[in-house]
Amino acid sequence: MKTGLVLEGGAMRGMYTAGVLDVMIENDIRVDGVIGVSAGAVFGCNYKSGQIGRSIRYNEKYCRDPRYCSVRSLLFTGDLYNEKFCYHDIPETLDPFDNDAFIKNPTPFWVVCTDVNTGEPVYHLCTDCGAEDLQWMRASASMPLASRVVKAGGYELLDGGVSDSIPLAWFRAQGYERNIVILTRPEGYRKEPTSALPLMKLALHRYPKLVERMANRHNDYNAAVELVESDKSGNTLLLRPSRAPGVKRVERDPAKLRALYNLGREDALARLEEIRTFVLN
């Protein structure tokens, strides 16, 4: 029976996931496959490459840097998170990503995006975290209204969280019957309808299926959470913040990012034997 790792998004709330994953790397806890959505993809790839501390390191260092994330970037490029700085300067030069380690690790790593023309999820298997895979990762983390549509693999894509925020059902269908699911919201959280829907209808009028999906996203998300919570079979291990994260989706306070990362580590260490037993059984 294969064991998977399912990583929710949440933009900078993904620092919680980064903390959990670093504890797993440090304790040599390995799974048979990983699937990440949005921040779960762009931070989760460091689990496969084995780069402890990388996610918190560069986010803590650059979260206030206007080259990384700024209204100026949004106005001049169409992306709140600057494509060149985030997907080229950082992984290639400033805090290099270990592509060789990613390739050598045989664990499959999937990312989820949303096809803007159909509103349906698209799942991509990353092989080397090279230029093509980075386009898919960028697409997975590209929030509507804050990002340009990304072209990859013949698709036009945006944030995977729009169509499959917690892809547990899809991963089960791929043969990963036992799964560790890492969420970035605490127990009891349920998503409300988006207040930005009128603006989305205007700005994304070329993509009515995407807008329709956004209008129903809260229902899809809440159903996915309930699927995770309702599994009494023992085949799902859920980790999520033990207290309110206190971090916004676009967070520019490095102290808050560090605190959330530390919370992820704290929660993972508190349940370390449970995680290890789950993976080994």
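Per residue, region 233-281 exposes 52 Å² of accessible surface when a 1.4 Å probe is rolled over the protein heavy atoms with every protein chain present. Scanning residues 5 or more positions from Val181 or on other chains, those with amide H under 5 Å from its amide H are Val6, Leu237, Leu238, Leu239, with H placed 1.01 Å from N in the peptide plane.
Have a look at the DSSP beta bridges in the chain and tell me what percent are antiparallel, nearest 5.
On the way: 13 of 30 bridges.
The answer is about 45 percent antiparallel.
In order along region 18-27, the phi-based Karplus estimate (6.51 cos²θ - 1.76 cosθ + 1.60, θ = phi - 60°) of 3J(HN,Hα) comes to 4, x, 4, 5, 5, 5, 5, 5, 4, 9 Hz; Gly and Pro are listed as x.
In order along region 208-213, phi translates into HN-Hα couplings of x, 5, 5, 4, 4, 5 Hz, rounded to whole numbers, per the Karplus curve 6.51 cos²θ - 1.76 cosθ + 1.60 with θ = phi - 60° and x for Gly and Pro.
Descending by average beta-carbon neighbour count within 10 Å, the peptides 62-72, 29-39, 171-181 line up as 29-39, 171-181, 62-72, the highest first. How much of the accessible area of the chain, probe 1.4 Å, is carbon plus sulfur, in whole percent? That fraction is 52 percent. Annotation: amide H-H contacts under 5 Å for Ser142 (H modelled 1.01 Å from N, sequence separation of 5 or more, or interchain): Asp159, Gly160. Taking a ≥ b ≥ c as the square roots of the Cα gyration tensor eigenvalues, with a/c under 1.5 meaning rounded and otherwise prolate when a/b beats b/c, else oblate, which class fits the chain? Cα axes put the chain in the rounded bin. Annotation for Ala215 and Leu197: the two label points, set 7 Å from Cα along the Cα-Cβ direction, are 0.7 nm apart.
Determine the relative contact order of the chain: mean sequence separation of Cα pairs under 8 Å and six or more apart, normalised by residue count, in whole percent.
On the way: 556 pairs, mean separation 77.9, N = 281.
That works out to 28 percent.
Over all distinct Cα-Cα pairs of region 182-281, the Kirkwood formula returns a hydrodynamic radius of 16.3 Å.
Accessible surface calculations at 1.4 Å, restricted to protein heavy atoms, place region 1-160 at 37 Å² per residue.
Applied to region 217-223, the Karplus parametrisation 6.51 cos²θ - 1.76 cosθ + 1.60 on θ = phi - 60° returns per-residue 3J(HN,Hα) values of 4, 4, 5, 4, 5, 5, 5 Hz, with x for Gly and Pro. Amide H contacts of Cys69 (H built 1.01 Å from N, in plane; Pro and chain starts excluded): Asn82 sit under 5 Å, all sequence-distant by 5 or more or on other chains.
The values are calculated or read from the model by the stated rules, or taken from the named source; none is laboratory data. Since this is a predicted model, take the numbers as computed values, not measurements. Note that each Cβ is placed from the backbone with ideal geometry, even for glycine, and that neighbours are counted across all protein chains shown. All accessible areas refer to the heavy atoms of the entire protein, side chains included, with ligands and DNA or RNA removed. Shrake-Rupley method; radii C 1.70, N 1.55, O 1.52, S 1.80 Å.
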